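Remarks on the structure that follows.
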Amino acid sequence: YVAFQLFSLMVLQHGEYAALAEGQHVLKTILVPERGKIFVKDQQDVSGKYAIAGNEEKDLVYAVPEQIKNPEEVAAKIAPIIGEKKEETLARISKPNDRYEPLLHKASEAQVEATRKLELKGIYFGKENWRVYPEKNITSHLTGFLGFSQDGTSRVGQYGIEQYFNDSLAGEAGYLRTEKDGAGRWITIGERILEPAKDGYDITLTIDKNIQYVACTKLKAAVEKHGAKKGSVIIMQPKTGAILALCNYPDYDPNEYSDAQLDDYFNSTVSEEWEPGSVFKTFSLGAAIDQGKINPNTVYHDSGCIKVGNYPAPICNSDRKIQNRDVDMNFVLAESLNTGATYAVQQIGNAKWYEYVKNLGFGEKTGVELSGDSAGSIRNLAELKDIYS
(Lines give C-alpha, C1' and ligand atoms only; values in the text may rest on other atoms or scores of the structure.)
Protein backbone atom coordinates (compact mmCIF):
# COMPACT_ATOMS: atom_id res chain seq x y z
CA TYR A 1 0.00 0.00 0.00
CA VAL A 2 2.80 2.42 0.94
CA ALA A 3 4.61 1.62 -2.30
CA PHE A 4 1.43 2.27 -4.30
CA GLN A 5 0.89 5.63 -2.54
CA LEU A 6 4.46 6.67 -3.31
CA PHE A 7 4.00 5.67 -6.94
CA SER A 8 0.73 7.62 -7.11
CA LEU A 9 2.22 10.77 -5.57
CA MET A 10 5.53 10.66 -7.43
CA VAL A 11 4.29 9.55 -10.86
CA LEU A 12 0.54 9.64 -11.38
CA GLN A 13 -0.11 12.95 -9.53
CA HIS A 14 3.31 14.51 -10.01
CA GLY A 15 2.09 17.29 -12.32
CA GLU A 16 -0.74 18.32 -10.00
CA TYR A 17 1.45 18.57 -6.89
CA ALA A 18 4.26 20.28 -8.79
CA ALA A 19 1.80 22.96 -9.89
CA LEU A 20 0.55 23.39 -6.31
CA ALA A 21 4.08 23.72 -5.02
CA GLU A 22 5.00 26.23 -7.69
CA GLY A 23 1.89 28.27 -6.86
CA GLN A 24 3.15 28.64 -3.28
CA HIS A 25 6.52 30.16 -4.21
CA VAL A 26 6.09 31.58 -7.71
CA LEU A 27 4.33 34.84 -8.57
CA LYS A 28 2.87 35.05 -12.08
CA THR A 29 1.56 38.31 -13.48
CA ILE A 30 0.07 39.14 -16.87
CA LEU A 31 1.30 42.53 -18.09
CA VAL A 32 -1.53 44.30 -19.91
CA PRO A 33 -0.57 46.41 -22.96
CA GLU A 34 -2.01 49.86 -23.63
CA ARG A 35 -4.50 49.87 -26.48
CA GLY A 36 -3.55 52.03 -29.45
CA LYS A 37 -5.34 55.33 -30.04
CA ILE A 38 -7.47 56.27 -33.05
CA PHE A 39 -6.75 59.69 -34.53
CA VAL A 40 -8.43 61.94 -37.09
CA LYS A 41 -6.94 64.99 -38.79
CA ASP A 42 -7.29 68.34 -37.05
CA GLN A 43 -5.55 71.33 -38.63
CA GLN A 44 -6.42 73.49 -35.63
CA ASP A 45 -4.26 71.35 -33.34
CA VAL A 46 -0.47 71.80 -33.24
CA SER A 47 0.04 68.07 -33.82
CA GLY A 48 -2.32 68.11 -36.80
CA LYS A 49 -4.43 65.30 -35.34
CA TYR A 50 -6.95 64.55 -32.60
CA ALA A 51 -7.67 61.31 -30.71
CA ILE A 52 -11.27 60.14 -31.10
CA ALA A 53 -10.51 56.95 -29.13
CA GLY A 54 -8.07 56.87 -26.22
CA ASN A 55 -7.49 55.41 -22.77
CA GLU A 56 -8.23 56.79 -19.34
CA GLU A 57 -7.50 55.39 -15.88
CA LYS A 58 -10.58 54.99 -13.67
CA ASP A 59 -11.11 53.87 -10.07
CA LEU A 60 -12.31 50.36 -9.27
CA VAL A 61 -13.94 49.06 -6.10
CA TYR A 62 -13.72 45.28 -5.73
CA ALA A 63 -14.22 42.58 -3.12
CA VAL A 64 -12.39 39.43 -2.06
CA PRO A 65 -15.44 37.46 -0.83
CA GLU A 66 -13.43 34.73 0.90
CA GLN A 67 -12.06 37.41 3.27
CA ILE A 68 -15.49 38.82 4.20
CA LYS A 69 -16.66 37.37 7.53
CA ASN A 70 -20.07 39.09 7.69
CA PRO A 71 -21.46 39.52 4.13
CA GLU A 72 -24.86 40.77 5.41
CA GLU A 73 -23.28 43.68 7.25
CA VAL A 74 -20.89 44.57 4.42
CA ALA A 75 -23.66 44.45 1.80
CA ALA A 76 -25.92 46.69 3.87
CA LYS A 77 -23.18 49.33 4.18
CA ILE A 78 -21.74 49.30 0.67
CA ALA A 79 -24.82 48.72 -1.52
CA PRO A 80 -26.16 52.31 -1.21
CA ILE A 81 -22.75 53.69 -2.23
CA ILE A 82 -22.36 51.59 -5.36
CA GLY A 83 -26.00 52.04 -6.36
CA GLU A 84 -27.28 48.50 -5.84
CA LYS A 85 -29.92 46.77 -3.79
CA LYS A 86 -28.56 45.04 -0.71
CA GLU A 87 -29.66 41.63 -2.02
CA GLU A 88 -27.71 42.11 -5.27
CA THR A 89 -24.49 43.05 -3.48
CA LEU A 90 -24.94 40.25 -0.95
CA ALA A 91 -25.22 37.67 -3.72
CA ARG A 92 -21.97 38.85 -5.27
CA ILE A 93 -19.87 38.98 -2.10
CA SER A 94 -21.16 35.66 -0.75
CA LYS A 95 -19.72 33.47 -3.50
CA PRO A 96 -17.69 30.62 -1.97
CA ASN A 97 -13.94 30.55 -2.74
CA ASP A 98 -14.24 33.77 -4.76
CA ARG A 99 -10.99 35.77 -4.65
CA TYR A 100 -12.07 38.62 -6.89
CA GLU A 101 -15.43 40.28 -7.44
CA PRO A 102 -15.57 43.72 -9.09
CA LEU A 103 -18.25 45.81 -7.42
CA LEU A 104 -18.02 49.22 -9.10
CA HIS A 105 -16.26 50.17 -12.32
CA LYS A 106 -15.50 53.85 -13.07
CA ALA A 107 -16.11 54.79 -9.46
CA SER A 108 -16.24 58.51 -8.65
CA GLU A 109 -13.94 60.13 -6.07
CA ALA A 110 -16.91 60.53 -3.74
CA GLN A 111 -17.82 56.84 -4.01
CA VAL A 112 -14.24 55.74 -3.37
CA GLU A 113 -13.86 58.06 -0.39
CA ALA A 114 -17.19 57.00 1.13
CA THR A 115 -16.23 53.33 0.77
CA ARG A 116 -12.76 53.87 2.27
CA LYS A 117 -14.25 55.47 5.38
CA LEU A 118 -16.18 52.27 6.10
CA GLU A 119 -12.88 50.34 6.48
CA LEU A 120 -14.52 47.07 5.46
CA LYS A 121 -12.36 43.96 5.50
CA GLY A 122 -12.34 42.27 2.10
CA ILE A 123 -13.13 45.47 0.16
CA TYR A 124 -10.29 46.91 -1.94
CA PHE A 125 -9.54 49.63 -4.47
CA GLY A 126 -7.64 49.61 -7.74
CA LYS A 127 -7.23 51.28 -11.11
CA GLU A 128 -8.54 50.20 -14.51
CA ASN A 129 -7.87 51.46 -18.02
CA TRP A 130 -11.05 52.28 -19.89
CA ARG A 131 -11.63 53.26 -23.51
CA VAL A 132 -12.90 56.83 -23.91
CA TYR A 133 -14.46 58.49 -26.93
CA PRO A 134 -14.38 62.29 -26.46
CA GLU A 135 -16.47 63.05 -29.58
CA LYS A 136 -19.19 60.66 -28.38
CA ASN A 137 -22.01 60.30 -30.98
CA ILE A 138 -20.19 62.33 -33.64
CA THR A 139 -17.67 59.55 -34.37
CA SER A 140 -19.55 56.49 -33.08
CA HIS A 141 -19.93 54.79 -36.48
CA LEU A 142 -16.24 55.35 -37.21
CA THR A 143 -14.81 54.02 -33.95
CA GLY A 144 -17.30 51.37 -32.88
CA PHE A 145 -16.53 50.54 -29.25
CA LEU A 146 -14.49 48.31 -26.96
CA GLY A 147 -16.83 45.72 -25.48
CA PHE A 148 -16.55 42.32 -23.86
CA SER A 149 -16.00 38.99 -25.60
CA GLN A 150 -18.80 36.42 -25.62
CA ASP A 151 -17.32 34.57 -22.64
CA GLY A 152 -16.80 37.85 -20.78
CA THR A 153 -13.12 37.16 -20.10
CA SER A 154 -11.59 39.81 -22.34
CA ARG A 155 -12.35 43.11 -24.03
CA VAL A 156 -12.47 43.26 -27.82
CA GLY A 157 -13.31 45.84 -30.44
CA GLN A 158 -16.85 45.71 -31.75
CA TYR A 159 -17.98 47.51 -34.91
CA GLY A 160 -16.05 50.21 -36.74
CA ILE A 161 -12.28 50.69 -36.56
CA GLU A 162 -12.15 49.08 -33.11
CA GLN A 163 -13.27 45.75 -34.60
CA TYR A 164 -11.57 45.93 -38.00
CA PHE A 165 -8.15 46.73 -36.52
CA ASN A 166 -8.64 45.00 -33.16
CA ASP A 167 -5.44 42.94 -33.32
CA SER A 168 -3.29 45.96 -34.24
CA LEU A 169 -4.88 48.20 -31.60
CA ALA A 170 -4.83 45.58 -28.84
CA GLY A 171 -1.09 44.92 -28.77
CA GLU A 172 0.39 41.86 -27.08
CA ALA A 173 0.21 40.99 -23.39
CA GLY A 174 3.46 40.56 -21.45
CA TYR A 175 4.43 38.13 -18.72
CA LEU A 176 6.24 38.40 -15.38
CA ARG A 177 7.31 35.34 -13.39
CA THR A 178 9.14 35.79 -10.09
CA GLU A 179 9.77 33.83 -6.90
CA LYS A 180 7.98 34.87 -3.71
CA ASP A 181 8.44 34.19 -0.01
CA GLY A 182 5.96 32.62 2.42
CA ALA A 183 4.17 35.96 2.85
CA GLY A 184 3.68 36.31 -0.88
CA ARG A 185 6.32 39.02 -1.31
CA TRP A 186 8.59 39.24 -4.34
CA ILE A 187 12.11 37.87 -3.64
CA THR A 188 14.45 40.41 -5.26
CA ILE A 189 17.34 37.97 -5.63
CA GLY A 190 15.17 35.12 -6.88
CA GLU A 191 14.61 33.94 -10.43
CA ARG A 192 12.83 36.53 -12.56
CA ILE A 193 11.50 36.13 -16.10
CA LEU A 194 10.10 39.24 -17.81
CA GLU A 195 8.43 39.46 -21.21
CA PRO A 196 7.39 43.12 -21.61
CA ALA A 197 3.95 43.93 -23.00
CA LYS A 198 3.82 45.40 -26.49
CA ASP A 199 1.44 48.34 -26.70
CA GLY A 200 -1.02 48.51 -29.57
CA TYR A 201 -0.43 50.57 -32.70
CA ASP A 202 -2.02 53.99 -33.12
CA ILE A 203 -4.19 54.50 -36.22
CA THR A 204 -4.79 57.79 -38.04
CA LEU A 205 -7.83 58.13 -40.31
CA THR A 206 -8.35 60.43 -43.29
CA ILE A 207 -11.36 61.92 -41.49
CA ASP A 208 -11.23 65.69 -40.89
CA LYS A 209 -12.45 66.46 -37.36
CA ASN A 210 -14.16 69.74 -38.26
CA ILE A 211 -15.82 68.46 -41.44
CA GLN A 212 -17.02 65.41 -39.52
CA TYR A 213 -18.60 67.57 -36.82
CA VAL A 214 -20.43 69.84 -39.27
CA ALA A 215 -21.63 66.94 -41.44
CA CYS A 216 -22.96 64.89 -38.53
CA THR A 217 -24.61 67.86 -36.83
CA LYS A 218 -26.40 68.93 -40.03
CA LEU A 219 -27.43 65.35 -40.81
CA LYS A 220 -29.07 64.98 -37.40
CA ALA A 221 -30.90 68.30 -37.84
CA ALA A 222 -32.14 67.30 -41.31
CA VAL A 223 -33.41 63.88 -40.18
CA GLU A 224 -35.29 65.41 -37.26
CA LYS A 225 -36.66 68.31 -39.33
CA HIS A 226 -38.14 66.07 -42.02
CA GLY A 227 -39.21 63.23 -39.70
CA ALA A 228 -37.05 60.75 -41.57
CA LYS A 229 -36.42 57.26 -40.23
CA LYS A 230 -32.66 57.61 -40.66
CA GLY A 231 -30.00 59.33 -42.70
CA SER A 232 -26.41 58.88 -43.87
CA VAL A 233 -23.73 61.06 -45.41
CA ILE A 234 -20.22 60.54 -46.78
CA ILE A 235 -17.90 63.37 -47.80
CA MET A 236 -15.04 62.32 -50.04
CA GLN A 237 -11.97 63.99 -51.53
CA PRO A 238 -12.67 63.35 -55.25
CA LYS A 239 -9.04 63.43 -56.40
CA THR A 240 -7.81 60.83 -53.91
CA GLY A 241 -10.91 59.01 -52.68
CA ALA A 242 -10.04 59.90 -49.08
CA ILE A 243 -13.06 59.87 -46.76
CA LEU A 244 -13.28 63.25 -44.98
CA ALA A 245 -16.52 62.59 -43.07
CA LEU A 246 -18.84 59.65 -42.52
CA CYS A 247 -22.03 59.86 -40.46
CA ASN A 248 -25.27 58.02 -39.78
CA TYR A 249 -28.27 59.05 -37.74
CA PRO A 250 -29.59 57.70 -35.40
CA ASP A 251 -26.22 57.31 -33.71
CA TYR A 252 -25.09 56.39 -30.18
CA ASP A 253 -22.54 57.23 -27.51
CA PRO A 254 -19.78 54.56 -27.56
CA ASN A 255 -18.86 55.52 -23.99
CA GLU A 256 -22.29 54.21 -22.95
CA TYR A 257 -22.84 51.65 -25.70
CA SER A 258 -24.99 49.38 -23.53
CA ASP A 259 -27.67 52.09 -23.47
CA ALA A 260 -28.04 52.06 -27.27
CA GLN A 261 -30.34 49.98 -29.47
CA LEU A 262 -28.71 47.20 -31.52
CA ASP A 263 -29.74 48.84 -34.81
CA ASP A 264 -27.87 52.01 -33.82
CA TYR A 265 -24.54 50.15 -33.97
CA PHE A 266 -24.76 49.40 -37.70
CA ASN A 267 -22.95 51.72 -40.08
CA SER A 268 -25.51 52.07 -42.88
CA THR A 269 -23.05 53.79 -45.22
CA VAL A 270 -21.04 50.56 -45.61
CA SER A 271 -23.33 47.75 -44.42
CA GLU A 272 -26.51 48.43 -46.40
CA GLU A 273 -27.17 48.11 -50.14
CA TRP A 274 -27.91 51.40 -51.89
CA GLU A 275 -29.39 52.08 -55.30
CA PRO A 276 -27.02 54.54 -56.99
CA GLY A 277 -29.77 56.69 -58.49
CA SER A 278 -29.03 59.31 -61.15
CA VAL A 279 -25.26 59.22 -60.63
CA PHE A 280 -25.40 55.83 -62.38
CA LYS A 281 -26.16 57.63 -65.67
CA THR A 282 -22.49 58.58 -65.94
CA PHE A 283 -21.56 54.88 -66.01
CA SER A 284 -24.17 53.93 -68.59
CA LEU A 285 -23.15 56.75 -70.96
CA GLY A 286 -19.46 56.06 -70.28
CA ALA A 287 -19.85 52.38 -71.24
CA ALA A 288 -21.63 53.27 -74.48
CA ILE A 289 -18.95 55.84 -75.35
CA ASP A 290 -16.20 53.32 -74.59
CA GLN A 291 -17.88 50.86 -76.98
CA GLY A 292 -18.02 53.51 -79.68
CA LYS A 293 -21.83 53.36 -79.82
CA ILE A 294 -22.34 57.02 -78.88
CA ASN A 295 -20.33 60.20 -78.40
CA PRO A 296 -21.16 63.48 -76.62
CA ASN A 297 -22.80 64.80 -79.80
CA THR A 298 -24.92 61.72 -80.51
CA VAL A 299 -28.57 62.73 -80.92
CA TYR A 300 -31.64 60.67 -80.03
CA HIS A 301 -35.36 61.49 -80.03
CA ASP A 302 -36.74 62.15 -76.57
CA SER A 303 -40.51 61.79 -76.21
CA GLY A 304 -40.35 62.07 -72.40
CA CYS A 305 -40.96 58.34 -71.84
CA ILE A 306 -39.65 55.11 -73.32
CA LYS A 307 -41.18 51.64 -73.29
CA VAL A 308 -38.83 48.76 -72.48
CA GLY A 309 -39.54 45.12 -73.29
CA ASN A 310 -42.98 43.83 -72.33
CA TYR A 311 -43.18 45.90 -69.15
CA PRO A 312 -46.51 47.80 -69.24
CA ALA A 313 -45.30 51.00 -67.56
CA PRO A 314 -42.83 53.13 -69.53
CA ILE A 315 -39.63 54.66 -68.13
CA CYS A 316 -40.11 58.43 -68.00
CA ASN A 317 -37.97 61.43 -67.18
CA SER A 318 -38.27 62.86 -63.68
CA ASP A 319 -40.56 65.72 -64.78
CA ARG A 320 -42.87 63.18 -66.49
CA LYS A 321 -43.59 65.66 -69.29
CA ILE A 322 -44.46 64.54 -72.81
CA GLN A 323 -41.72 65.76 -75.18
CA ASN A 324 -41.08 65.82 -78.92
CA ARG A 325 -37.44 66.79 -79.29
CA ASP A 326 -34.05 65.64 -80.47
CA VAL A 327 -31.31 66.04 -77.85
CA ASP A 328 -27.65 65.03 -77.58
CA MET A 329 -25.79 63.17 -74.84
CA ASN A 330 -24.49 66.39 -73.29
CA PHE A 331 -28.10 67.39 -72.70
CA VAL A 332 -28.86 63.94 -71.26
CA LEU A 333 -26.28 64.40 -68.51
CA ALA A 334 -27.10 68.08 -67.94
CA GLU A 335 -30.81 67.34 -67.47
CA SER A 336 -30.36 63.81 -66.05
CA LEU A 337 -32.74 62.24 -68.56
CA ASN A 338 -33.81 58.69 -67.76
CA THR A 339 -34.75 58.08 -71.39
CA GLY A 340 -31.26 59.07 -72.54
CA ALA A 341 -29.53 56.71 -70.12
CA THR A 342 -31.85 53.90 -71.24
CA TYR A 343 -31.07 54.66 -74.88
CA ALA A 344 -27.30 54.47 -74.20
CA VAL A 345 -27.56 51.04 -72.52
CA GLN A 346 -29.74 49.73 -75.35
CA GLN A 347 -26.95 50.54 -77.82
CA ILE A 348 -24.49 48.15 -76.15
CA GLY A 349 -26.89 45.38 -75.08
CA ASN A 350 -27.56 43.67 -71.75
CA ALA A 351 -24.56 41.30 -71.78
CA LYS A 352 -22.02 44.03 -72.44
CA TRP A 353 -23.71 46.35 -69.91
CA TYR A 354 -23.48 43.67 -67.19
CA GLU A 355 -19.81 43.16 -68.05
CA TYR A 356 -19.08 46.88 -67.61
CA VAL A 357 -20.96 47.13 -64.31
CA LYS A 358 -19.12 44.09 -62.96
CA ASN A 359 -15.70 45.31 -64.11
CA LEU A 360 -16.34 48.71 -62.54
CA GLY A 361 -16.48 46.99 -59.14
CA PHE A 362 -20.20 47.04 -58.44
CA GLY A 363 -21.34 43.97 -56.52
CA GLU A 364 -18.02 43.82 -54.63
CA LYS A 365 -16.98 45.11 -51.24
CA THR A 366 -15.58 48.63 -51.28
CA GLY A 367 -12.49 47.70 -49.26
CA VAL A 368 -13.10 50.49 -46.79
CA GLU A 369 -11.42 49.53 -43.52
CA LEU A 370 -14.57 49.37 -41.43
CA SER A 371 -16.38 46.30 -40.14
CA GLY A 372 -19.64 45.39 -41.88
CA ASP A 373 -18.54 46.35 -45.40
CA SER A 374 -21.26 45.01 -47.72
CA ALA A 375 -20.71 43.89 -51.31
CA GLY A 376 -24.07 44.99 -52.66
CA SER A 377 -25.77 43.03 -55.44
CA ILE A 378 -25.96 43.09 -59.24
CA ARG A 379 -27.50 39.63 -59.57
CA ASN A 380 -30.50 41.03 -61.49
CA LEU A 381 -28.20 42.37 -64.19
CA ALA A 382 -26.68 38.91 -64.50
CA GLU A 383 -30.02 37.67 -65.82
CA LEU A 384 -29.38 39.76 -68.97
CA LYS A 385 -33.02 40.85 -69.22
CA ASP A 386 -34.46 44.17 -70.36
CA ILE A 387 -36.65 44.40 -67.25
CA TYR A 388 -36.10 42.84 -63.80
CA SER A 389 -39.20 42.13 -61.80
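Under 5 Å between amide hydrogens, which residues at least 5 positions from F266 or on another chain qualify, with H placed 1.01 Å from N in the peptide plane?
Amide H neighbours of F266: none.
Would you tell me the accessible area of S149, worked out with a 1.4 angstrom probe on the heavy atoms of the protein chains, in Å² to the nearest 10?
30 Å²
State log₁₀ I(q)/I(0) for the chain at q = 0.07, 0.08, 0.12 Å⁻¹ as given by the Debye formula over alpha-carbon point scatterers of equal weight, solvent excluded.
Treating every Cα as an identical point scatterer, log10 I(q)/I(0) equals -0.57, -0.69, -1.11.
Can you list the equivalent-ellipsoid semi-axes of segment 321-389, largest first and in whole Å, using the square root of 5 times each Cα gyration tensor eigenvalue?
Calculated on Cα positions only, the semi-axes equal 29, 16, 11 Å.
In Å³ and rounded to a whole number, note down the convex hull volume per residue for the Cα atoms of segment 37-104.
126 Å³
Counting heavy atoms of the protein chains only and a 1.4 Å probe, report the per residue accessible area for segment 309-389 as a whole number of Å².
63 Å²
For every other residue with a beta carbon closer than 14 angstrom to the beta carbon of F266, add +1 if it is Lys or Arg and -1 if Asp or Glu, then tell me the sum.
So the environment of F266 carries a net charge of -4.
Note the full-extension length gain between T217 and Q150 as 0.36 nm times their separation in residues minus their Cα-Cα distance, in nm to one decimal.
Length gained, T217 through Q150: 20.7 nm.
Would you kindly find the accessible area of Y62, with a 1.4 Å probe and non-protein molecules such as ligands, DNA and RNA excluded, rounding to the nearest 10 Å²?
For Y62, solvent-accessible area is about 50 Å².
Which value, in Å², gives the accessible area per residue of segment 120-168 when a 1.4 Å probe is used on the protein heavy atoms?
In whole numbers, segment 120-168 has 48 Å² accessible per residue.
Calculate one ³J(HN,Hα) per residue across segment 308-313 by plugging θ = phi - 60° into the Karplus curve 6.51 cos²θ - 1.76 cosθ + 1.60, and present them in order as whole Hz with x for glycine and proline.
For segment 308-313, the Karplus curve yields 10, x, 9, 5, x, 8 Hz.
Along the Cα→Cβ direction, 7 angstrom out, place labels at I235 and K198. What is the inter-label distance in nm?
Computed distance between label sites I235 and K198 equals 3.8 nm.
Taking all protein chains together and a probe of 1.4 Å, list H301, H141, H105, H226 from the most accessible to the least accessible.
Order by accessible area, largest first: H226, H301, H105, H141.
Quote the charge dipole size of the chain about the Cα centre in Debye, to the nearest 20; the model charges only the Cβ of Lys and Arg (+1) and of Asp and Glu (-1).
The dipole magnitude comes to about 520 debye.
The values are calculated or read from the model by the stated rules, or taken from the named source; none is laboratory data. These numbers were taken from a predicted model, which means no experiment stands behind them. FYI the Cβ positions are ideal-geometry reconstructions off the backbone, even for glycines, and counts take in every protein chain you see. Keep in mind that these areas ignore ligands, DNA and RNA; they rest on the heavy atoms of the full protein, side chains included. Shrake-Rupley method; radii C 1.70, N 1.55, O 1.52, S 1.80 Å.
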